[in-house]
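Only one structure is covered here, and it is reproduced in the block below.
The values are calculated or read from the model by the stated rules, or taken from the named source; none is laboratory data. Keep in mind that this is a model prediction, so the values were computed, not measured. A quick note on method: Cβ atoms are made from the backbone with ideal geometry, for glycine too, and the neighbour counts reach across all protein chains shown.
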Amino acid sequence: MTIGAGGTRFPDGHIDWIEAAAIIVAYTIAKAFLVFPERMVRDGITAGWTIPIFSALVSILWLYPLVLLLESHPGKNLVEITGLVAGRTAAILFGMIYGIYILGIGATVSREIASALNVVVLPLTPTTALMIIGLIVSLYIAYQGVEVLGRLCAIHAVGTIAVMVLLSLMSSRSWDARQFFPLLGPGAGRLGAAYIVRQSIYGEVLGLGIVGAYLRNPREETGKAARWSLGASAFALTLTALTVGMVFPYPALVRVAVPFLRISRYIFIGRFLQRLDALFVVVWLGVGVMKTAVGHYLGAVTLATTFNLKTYKPLIAPIAVVSFAAGRLIPDYSTAIILDFDILRTYGTILVAGWPISIYILSRFTRPEKEGGGQ
Amino acid sequence: MFPFGAIKRAFRRPSRPADFTLGKRGEPGIPGGGEDVVRGVHRERRPFRSGTISRSPFGGMSETEREDLGRRLDKSLRENISTIMDTFHAPRNSDLTVREIEINWRDGRRRAVCLFIDGLSDLETIRRHVLAPLLSMDHDAGRSSVDPRCLAKKVLSGTFVDFGDTFSEVVAAIVGGETVLLVDGEDLGVIVQTRNPEHRAIVESPAEAVVRGPHAGFVENFRENVTMIRLLLETPQLVTEQLHVGARSHALFGIMYIEGIVNPKLVDEVRRRITSVESGLLMTMTILERLIEDEPYSPYPVMLVTERPDRVASMLAEGHVAIVDSSPSVAVVPVTLWTLMQSPEDYYIHFVAASFVRVIRWAALLSTLYASSLYVAIVTFHHEMIPTELLFTIAASREAVPFPAALEVVVMEAAFELIREAGVRIPTIIGPTLGIVGAVIIGQAAVTATVVSPILVVVVAISGLASFAIPNYELGVLLRMTRFAMILAAAALGLPGVTMLSVFLLARLCIMRSFGVPVLAPVLPSWRHSADTFLEGPLWIMRKRPQTARPLEDDRQPQRARPVKPGESVRRGRVPERRERR
């Protein structure tokens, strides 16, 4: 049977655009608390903070076709749409690659968070123990389906962005705007290239292609969900990069592994509002758990759709275990960062941008197969 | 006393299922089937809707006995009384009262009996409206009263009169507190409403006391409870459906809602759940709650159980459904977390003050949940979080304490719970004294004995006091229990443990539903909600009903609910002009 024909969307309830956007935002902004600001500065030097803004603008190039595809195929996810437009082989190809991409992102991020926690807060607790606890909670959340995931992410995304704003404001004593000069950083050419390549920091927004199928009114809400997903993510990532860029001079920043955590240590407002880095753990764990939960869910739904399974829930646990095992295979924090930013995200740009654009172009030239056809 | 003994059913008629004769549920004009709308007669009798007597009060009987009760009444009074007395195990069971009388009938004097249960039925009503008219009935009246139906129309002066032609119906009526009149030679029983069990006077609910606002609380009387709600909602749209629940107790429950506002699907769901209960347990509101709630294994309250009529009335006006019984607790569904954190008094004080109190209440919720666990996490794992001076103070106070912080906290919290529980059980006069003295003495003694640190007593006191500020009792109990889990999580992993457990609890909250409505609605999922969801907004801007119960009618009040604009002064002696409604 052709993937997508007959509607293979799982009976998992419905969400509105706020919840859909919240899932994507929670999935995207987790990286802001890890090495992300340092990576931006590496690429853009003093203009590193502009990368999230302009990369978001570049991302519209593939996000817009994705929205059009979802709107024209209500109730279908991107894998199903690919099956209808380009055939089963293309759907399996893209679905598999995207599934592996999600798994990879989940593995590296969980490893990064566990390592950071281990180094900063709980040096005597084994990393594996932290990862297993996180795994259990994220599994439980992912297993509850898209409605629960959406509500939880809405609480979480609002809380996380509020923490970001608070931490940024509380560190205002250390801000120095002179650190933004020269404005173009490494030069217009390199900066422009970084804008294009680093649009992969919004790679998680492609998840809208999966959760968009659950929107209650896809035609009215998909565009809104996409705008808010990208806008809120861009705001959070830019704020992080901007704050870190104003607090640390460029040469120092490239040596700080977790810049936002370091900022929290600089906060000293009065005698009793100081050293908030332990509180940072709460945020870290929150974003880590939510990111992995969303990752497990998206991975399971993607693979279940790819292989025309009737339900996705049995896949959640295997995907979580594979992700956990892959995370344990990564030897250390530095390797996890290299895998995440230099390999997965850099080459993932091709998938993230190429998939919706190519399918949209194809859909303009081909007539979709009829429901139930192609069996 | 009748010489009943060995006279048994010589001529047993073929058993017939006891029909619900006076209008079935689903028929036009009969919303629930419990009230006889067709005849204009209000009944509080057992509706044998299912067509069998399996859902009757005769649970525990053998099949043969059930079949016997499904029979039609006999023309022989002796036969009828024999069967009824056997059913009630009389005369061994002294509750059943059989009042034998002779009445004038069309063909001379006829024997008759009034059957009722002493205590359940009002003796004065029986005397004035049943016995007196019957005994004073002259021959002419008797002549014209050709059957029990005419007797009910012309002689009996009871307010509500009904008929029963099967043993199951008359037995159910007697059990329900009504009086059954059986006449020799007639196979139709007359049921007169005389139910009026003793109940206490209307007093304020101690659990939901308010400084301002009405002080009336529900009592142990179904009719009284319904009346209290009806007094606040004087509208013909307010509907009370009566249902009988439970295989053995066959308790009376009422579903109340405002027709036109309530979502019919919600009413159907409530009705379906209640009528599907087949339990043999003694059916009270709390037991029914356990049997019909969405998540039976979760202690999270998914029904708002309140003792205040004003609270029920206000929620009915928002499209909720109330379940009333003969207990001082009325359940309202669906209910959200935001409703559980509201107190009736919020609407009797200024909205700014109410908002302030709400913030305090939410802070209390967080304190109950996290004060002790954060103390354990910080003292055990995250010393760097606290300012140095405070760290030294804590370290100095804990220097002589031989136990780890987690054990200290658990012991103190357990002691606090012990005092609270003991304070509830012991007599009222010394209860509060024991609570205060116990807390002070145990706390002071524990500090002096260096079993706990002084700062811990402060933390536990804050946590314990905060739990009293939660307006919903069940939510308060849940928070107190969860507090211990938080302490253990903090002791095991510090802040990461607390975070993980919090995420898990949040996920549970996102899953929970109250009669199909997510408990975080209308915030998550984001539905339209009024300005009193989290804080209390001005009453006049709450134009629309919240979407929590998905009401049929959205508008709660016109756009200009206030006759004057906020800040607009009114000249003395002049009534402000009426504004056009938009």
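Within the option set B:GLY537, B:GLY516, being in contact (Cβ under 8 Å) with a residue 24 or more places away in the chain, more than 10 Å from chain A (Cβ to nearest Cβ) and under 18 Å from A:GLY150 (Cβ atoms) holds for one residue only, B:GLY516. Screening A:LEU135, A:LEU130, A:LEU124, A:LEU117 for residues that are within 12 Å of another protein chain (Cβ to nearest Cβ) and under 19 Å from the mean Cα position of the chain (by Cα) leaves exactly one candidate, A:LEU135. Here the range A:271-285 is the region considered, the condition is being surrounded by fewer than 24 Cβ atoms within 10 Å (Cβ to Cβ) and either among the aliphatic types (A, V, I, L, M) or modelled with pLDDT of 75 or more (or both), and the residue that is nearest to A:TYR214 (Cα to Cα) is A:VAL283. The residue that is modelled with the lowest pLDDT, counting only those in the range B:517-568 that are aliphatic (A, V, I, L, M) and within 19 Å of B:ILE261 (Cβ to Cβ), is B:ALA561. The residues listed here are B:ASP138, B:ASP95; of these, the one that is surrounded by fewer than 20 Cβ atoms within 10 Å (Cβ to Cβ), at pLDDT below 90 and over 23 Å from B:ASN221 (Cβ atoms) is B:ASP138. So is B:ILE174 touching a Lys or Arg at 6+ places or on another chain (Cβ under 8 Å) and crowded, with 22+ Cβ neighbours inside 10 Å or not? It is false that B:ILE174 is touching a Lys or Arg at 6+ places or on another chain (Cβ under 8 Å) and crowded, with 22+ Cβ neighbours inside 10 Å.
Mind checking which residues of the range A:123-179 are of a type in the set (D, E, K, R) and under 19 Å from A:TRP17 (Cα atoms)? A:GLU147, A:ARG151, listed by residue number.
In the set (1) modelled with pLDDT under 90; (2) out of contact with any Lys or Arg (no Cβ under 7 Å at 6 or more places or on another chain), A:LYS224 fails one condition alone, (1).
Taking the listed residues B:LEU390, B:LEU365, B:LEU369, B:LEU374, the one that is part of a helix (DSSP H, G or I) and either free of Cβ contacts under 8 Å to residues at least 24 places away in the same chain or in contact with a Pro (Cβ under 9 Å, 6 or more places away or on another chain) (or both) is B:LEU390, with no other qualifying. Here is a list: A:PHE36, A:PHE54, A:PHE10, A:PHE94. Which entry is over 23 Å from A:GLY145 (Cβ atoms), aromatic (Phe, Trp, Tyr) and surrounded by fewer than 23 Cβ atoms within 10 Å (Cβ to Cβ)? Unique residue meeting the criteria: A:PHE54.
Within the range A:119-139, being assigned to a helix (DSSP H, G or I), free of Cβ contacts under 8 Å to residues at least 60 places away in the same chain and out of contact with any Pro (no Cβ under 9 Å at 6 or more places or on another chain) holds for A:THR127, A:ALA129, A:ILE136. Of the set (1) more than 20 Å from B:ARG195 (Cα to Cα); (2) among the hydroxyl-bearing types (Ser, Thr, Tyr); (3) in a helix (DSSP H, G or I), all apply to B:TYR257 but (3).
Return a yes/no flag: does the range A:300-307 have any residue that is more than 14 Å from chain B (Cβ to nearest Cβ) and surrounded by fewer than 19 Cβ atoms within 10 Å (Cβ to Cβ). Yes, there is a match, as at least one residue in the range A:300-307 is more than 14 Å from chain B (Cβ to nearest Cβ) and surrounded by fewer than 19 Cβ atoms within 10 Å (Cβ to Cβ). Does at least one position in the range A:81-92 carry a residue that is charged (D, E, K, R) and touching a helix residue (DSSP H, G or I) at 6+ places or on another chain (Cβ under 6 Å)? Scanning the range A:81-92, I find no residue that is charged (D, E, K, R) and touching a helix residue (DSSP H, G or I) at 6+ places or on another chain (Cβ under 6 Å), so the answer is no. Taken over the range A:12-50, the criterion of being within 14 Å of chain B (Cβ to nearest Cβ) and part of a helix (DSSP H, G or I) is satisfied by A:TRP17, A:ILE18, A:GLU19, A:ALA20, A:ALA21, A:ALA22, A:ILE23, A:ALA26, A:ALA30, A:PHE33.
Entry remark, the range B:481-507: residues being at the interface with another protein chain (Cβ under 9 Å from one of its Cβ atoms) and in a helix (DSSP H, G or I) number 13 in total.
All conditions in (1) of a type in the set (Lys, Arg); (2) surrounded by fewer than 20 Cβ atoms within 10 Å (Cβ to Cβ); (3) touching a residue at least 24 places away in the same chain (Cβ under 8 Å) hold for A:ARG255, with the sole exception of (3). Any residue in the range B:285-306 that is in a strand (DSSP E or B) and closer than 24 Å to B:PRO197 by Cβ? So far as the range B:285-306 goes, yes, one or more of its residues are in a strand (DSSP E or B) and closer than 24 Å to B:PRO197 by Cβ. Consider B:PRO551 carefully, then state whether it is farther than 29 Å from B:LEU479 by Cα and either buried (at least 16 other Cβ atoms within 10 Å of the Cβ) or within 14 Å of chain A (Cβ to nearest Cβ) (or both). It is true that B:PRO551 is farther than 29 Å from B:LEU479 by Cα and either buried (at least 16 other Cβ atoms within 10 Å of the Cβ) or within 14 Å of chain A (Cβ to nearest Cβ) (or both). Of the residues making up the range A:142-178, those that are surrounded by fewer than 24 Cβ atoms within 10 Å (Cβ to Cβ) and at the interface with chain B (Cβ under 8 Å from one of its Cβ atoms) are A:GLN144, A:GLU147, A:ILE155.
The single condition from (1) on the phi < 0 side of the Ramachandran plot; (2) at pLDDT below 85; (3) in contact with a Leu (Cβ under 8 Å, 6 or more places away or on another chain) that B:GLY246 fails is (1). Residues in the range B:501-546 that are on the phi > 0 side of the Ramachandran plot and among the hydrophobic types (A, V, I, L, M, F, W, C): B:PHE515 alone.
Matching residues to (1) surrounded by 15 or more Cβ atoms within 10 Å (Cβ to Cβ); (2) out of contact with any Lys or Arg (no Cβ under 7 Å at 6 or more places or on another chain); (3) at pLDDT below 85:
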site: A:SER264; (1), (2), (3): yes, yes, yes
site: A:ILE269; (1), (2), (3): no, yes, yes
site: A:LYS291; (1), (2), (3): yes, yes, no
site: A:LYS313; (1), (2), (3): yes, yes, no
site: A:SER323; (1), (2), (3): yes, yes, no
site: A:ALA336; (1), (2), (3): yes, no, no
site: A:SER358; (1), (2), (3): yes, yes, no
site: A:ARG367; (1), (2), (3): no, yes, yes
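The residues listed here are B:ALA363, B:ALA396, B:ALA406, B:ALA317; of these, the one that is away from every other protein chain (no Cβ under 14 Å), of a type outside the set (Lys, Arg) and surrounded by 19 or more Cβ atoms within 10 Å (Cβ to Cβ) is B:ALA406.
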